[in-house]
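Each remark here refers to the structure printed beneath this line.
The values are calculated or read from the model by the stated rules, or taken from the named source; none is laboratory data. Please read all numbers here as calculations on a predicted model, not as lab measurements. Cβ: placed from backbone, ideal geometry, glycine included. Neighbour counts: every protein chain shown. For the accessible areas, the whole protein counts, side chains as well, though only heavy atoms, and no ligand, DNA or RNA atoms are used. Shrake-Rupley method; radii C 1.70, N 1.55, O 1.52, S 1.80 Å.
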Amino acid sequence: MVNVASFLALSAQRHPDRCAVRFADRRLSYAQLREQASRFGSALLGRGLRRGDRVALLLPNCPQYLVALFGAWYAGLVAVPVNAKLAGPEVEVILGDSGARALVYATATAKAVGGLDLGGLVTVEVDARSPGPDAFDRLLAEGRPDLEPAAVDGDDLAWLFYTSGTTGRPKGAQLTHRNLNVMTWALLADVCDFRPDDVVLHVAPLSHGSGLYSLGAVARGAEHLIYDGASFDPPAVLDLIERERVTVIAFLAPTMIVMLLGADSKADTSSLRCAVYGGAPIHVEHARRMLDRFGPVFVQIYGQGESPMTITYLSHARMPDVPLNSAGVPHPGVEVRVVDGDDRPLPPGQAGEVCVRGDVVMRGYWNNPAATERALRGGWLHTGDIGHFDEQGNLFLLDRSNDVIISGGSNIYPREVEEVLLRHPAVAEVVVFGVPDPLWGENVVAAVVPAVTPPPPEQELVEFSRAHIASFKKPKKIVYVDALPKNAYGKVLRREARRLAAA
């Protein structure tokens, strides 16, 4: 099985002078991207890392992200992308669980690592906007420009993708070189056939879907245009599409699409030929509006960190003939079935848990055999999503078997938020859940039984949460209640709490 770093090596050989990455006024050709990746990987080997060691990337979108990602693979190392929005304690958990030997972080994320013990790690700070050399450039100067991609087996680990379960404890989905090869083949065959003359816009985090789909663009020698705004600004993004004649948007969350639809802009987006979206369901009305505004350029993908970006897809060619609330059909080579509580396959029209099997499914969870056994029982990935097939083989997702909240395309796990709120002395009991929101998909709400009278101001608990977890996970609303609804066994009824809060 080929090392995915070979995608870059081959494109640099075929298109050495073609622009590979553009960010503000910084450009890298494919030859330069390959050389920097080589230098990065060999420099880390020179600092004592060995094949299979983990390299954590705590970076916002910037050219150095792609250099470090492919550089880790050049050296046979494992990339551990970390959401740049996470708070220090969350970063610490991932660093500890992964056993990372190196950490590349940005000046913008330095606060999150400021209080952590990083004594045993090789650390490199990136200043993405610095006009002069920074620590990252000095690291590159230590490396060799001619490192070849390390020889790997298909089951060798490439990307450790941290997700969370219903316990709120992060779990590292082990994505191998085989997984990423198969994902890329499916992307190029079914989702977007990247071309050397494509301008591929990255507005979503490279630590997630946009980064995964960068592999296909690199393999075909396309140009990566990295949005350099401090935050997602819909009019600015639309103007950028017009000005740079963007042809592909690597990945969008439905929230981003809704924000683009609401933008006061008459920008010409006719250069677009493909825009990939996923990460959360999109409302049918929003889907209709996006097709009216942008034309038949969208492709919906359904996947998980455990089966990266690759379970089913709904292409723009099929959208006129398939209900827009469908998640599409399975990729060739990926088996998808819907099962009952005893893992027996269900016929079309009957709802059950969606299960997946194929070479795109993760190797298992890092250092978590119990969770691996539960998720991969019987040789099938149990997604925790509830859905059904129709007679034509289209998958429809109905609900989630767990209580994950999806806000702005990001997963938020109620237990994680509850654990933080329960640290506050004024909180006796709490249950967290999502409520529908027309822009974000869902908002986080906490029903709290106070431990003191009168209870603290709502904003105090919101700010307390912000200090311990990423800001996007904090509750948008605190509802004080006398008691939480529970069943006969004392288990809190989350859906009842949601109805109680609504009342």
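Observations, loosely collected:
- Contour minus Cα-Cα distance for Leu398 and Lys477 (0.36 nm per residue): 25.9 nm
- Rolling a 1.4 Å probe across all protein chains gives His202 an accessible area of roughly 0 Å².
- Mean Cβ neighbour count within 10 Å, used as a protection proxy, ranking 258-267, 303-312 highest first: 303-312, 258-267
- Sequence ranges 329-335, 315-321, ranked by mean other-Cβ count within 10 angstrom, highest first: 329-335, 315-321
- Approximating the spin labels as points 7 Å out from Cα along Cα→Cβ, the Thr163-to-Leu493 distance works out to 3.0 nm.
- Separation in nanometres of the label points that stand 7 Å from Cα toward Cβ, at Ala351 and Leu422: 2.9
- The figure for Asp17 is an accessible area of roughly 140 square angstrom, using a 1.4 Å probe on the protein chains alone.
- On Cα atoms only, tilt of 177-186 relative to the major axis of the chain in degrees: 90
- Relative contact order for the chain, counting Cα pairs under 8 Å that sit 6 or more residues apart, in percent: 12
- Folded to 0 to 90 degrees: helix 234-244 orientation relative to the chain principal axis, Cα: 20
- Region 161-296 - convex hull of alpha carbons, volume per residue in Å³: 125
- Reachable lysines from Lys85, criterion Cα separation under 19 angstrom, eight or more residues apart if same chain: Lys111, Lys171, Lys473, Lys474, Lys476
- Extension gain, Glu460-Leu118: 0.36 nm per intervening residue step, less the Cα-Cα distance, totals 120.0 nm.
- With both labels modelled 7 Å from their Cα along Cα-to-Cβ, the Arg243 to Glu335 distance reads 5.1 nm.
- Cysteines in the chain that, by Cβ-Cβ distance, have no pairing candidate under 4.7 Å: Cys19, Cys62, Cys355
- Mean residue ellipticity (222 nm) of the chain, computed from DSSP H runs ≥ 4 via -39,500 (n - 2.57), nearest 500: -8500 deg cm²/dmol
- Against the chain, whose longest principal axis is taken from its Cα atoms, helix 88-98 shows a tilt of about 70°.
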